[in-house]
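Below is one structure; the comments refer to it alone.
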Amino acid sequence: MNIAIIPARGGSKRIKGKNIRNFAGKPLIAYSIEAALKATVFDDIVVSTDSEEIAAIAEKYGASYVIRRPASLADDFTGTAPVVCHAIDTYQDDKGQVDNVCCIYATAPFLSATYLKEGLSRLNDNSDMHFAFSVTTFPFPIQRAIRLHGKGVLPFDASKMATRSQDLTESFHDAGQFYWGKASAWLTDKPMFAPTSIPVILPRHLVQDIDTPEDWERAELMYRAYIKTE
């Protein structure tokens, strides 16, 4: 059995009501639910929330199983893994054994069913791996990053500043969209960022964090430019 788990807390400090705020015509969480439905690989799409409003909107857009998480897992300091593990335990107590779990963020309007399916396929094809999650490339060599210093700047690594970009190792970062994992790997707290995780590489134009009002504005502009024109 494969399930999606979408953590969607009601509180949001920097963007009020972020998970259900209108994004290009729909509540933001709707995009994650709809991509999961389109992938047709999930037995259930689970939403874990502390908000009745989020629960109602999630069900309206196709979530098939809503978990009301306890207050202890809905504060500003609880990470994603404990929420996912609570959802797995709750779901298994009710509906039986789960094989694979995909944590999908509620703030991923560029999420593609194609990449969700690729992640599951690659995880199933590699029995020695624990996770498969979305990544993308940095647009600039991180080895040549600089930091502010007094009135000027300093390189993080002066020895790399004159190195040609093509001679530097390409770097990737977490794309913040989805995290496939074997249920046992989630429940035993296996590390995500490790050699036992498969990178599912996304193009940069399908990746945008939405943490600040500026991020939100940029994401909507990107959505209109790249998605609505497809």
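Values quoted throughout were computed directly from the atomic coordinates according to the rules given, and no laboratory measurement underlies them. Not measured: the values here are computed from a predicted model. Virtual Cβ from ideal backbone geometry, glycine too; neighbours counted across all protein chains shown.
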Margin query: So if each residue of separation counts as 0.36 nm, and I subtract the Cα-Cα distance between Lys38 and Ile15, what length gain in nm does that give?
Written below: 5.5 nm
Check: Can you tell which of Asp75, Asp215, Asp93 shows the greatest fluctuation in a Gaussian network model of the chain with Cα springs below 10 Å?
Finding: Asp93
Notebook entry, point to check: How many nm is it between the label spots at Lys117 and Lys60, if each spot is 7 Å from the Cα in line with the beta carbon?
Noted result: 2.9
Notebook entry, point to check: For Met161, Met192, what ranking results if the residue with the fewest other Cβ atoms within 10 Å of its Cβ goes first?
Noted result: Met161, Met192
Checklist line | Magnitude of the charge dipole, the stretch 78-148, Cβ model with Lys/Arg +1 and Asp/Glu -1, debye to 20 | finding: 540
Check: Any idea what the dipole of the chain comes to, in debye rounded to 20, about its Cα centre with Lys/Arg Cβ at +1 and Asp/Glu Cβ at -1?
Finding: 800
Check: Put +1 on the Cβ of each Lys and Arg and -1 on the Cβ of each Asp and Glu in the chain; which of Tyr65, Ile6, Tyr226 then has its Cα farthest toward the positive end of the dipole?
Finding: Tyr226
Check: Which residue, Phe138, Phe42, Phe156, has the most motion in a Gaussian network model of the chain that connects Cα atoms within less than 10 Å?
Finding: Phe156
Check: Which value in nm describes the separation of the simple spin-label points at Leu168 and Tyr226, placed 7 Å from the Cα toward the beta carbon?
Finding: 2.2
Check: Say we join alpha carbon atoms closer than 10 Å with springs in a Gaussian network model of the chain; which of Leu202, Leu148, Leu28 then has the biggest fluctuation?
Finding: Leu148
Checklist line | the chain, relative contact order in percent, only Cα pairs under 8 angstrom and at least six apart counted | finding: 23
Notebook entry, point to check: So, in nm, how far is label Lys151 from label Phe77 when the simple model puts each one 7 Å beyond its Cα toward the Cβ?
Noted result: 4.2
Notebook entry, point to check: Just how far, in whole angstrom, is the stretch 39-59 from the stretch 168-200 if you go by their alpha carbon centroids?
Noted result: 23
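By how many nm would the segment from Arg218 to Gln97 lengthen if fully extended, with 0.36 nm per residue of separation less the alpha-carbon distance?
Extra length available between Arg218 and Gln97 comes to 39.5 nm.
Peptides 5-11, 105-111: what's the order by average Cβ count within 10 Å, highest mean first?
Per-residue Cβ counts within 10 Å, averaged per peptide and sorted highest first, yield 105-111, 5-11.
To the nearest 20 debye, what is the magnitude of the charge dipole of the stretch 128-183 about its Cα centre, counting +1 on the Cβ of each Lys and Arg and -1 on the Cβ of each Asp and Glu?
My answer is approximately 300 debye.
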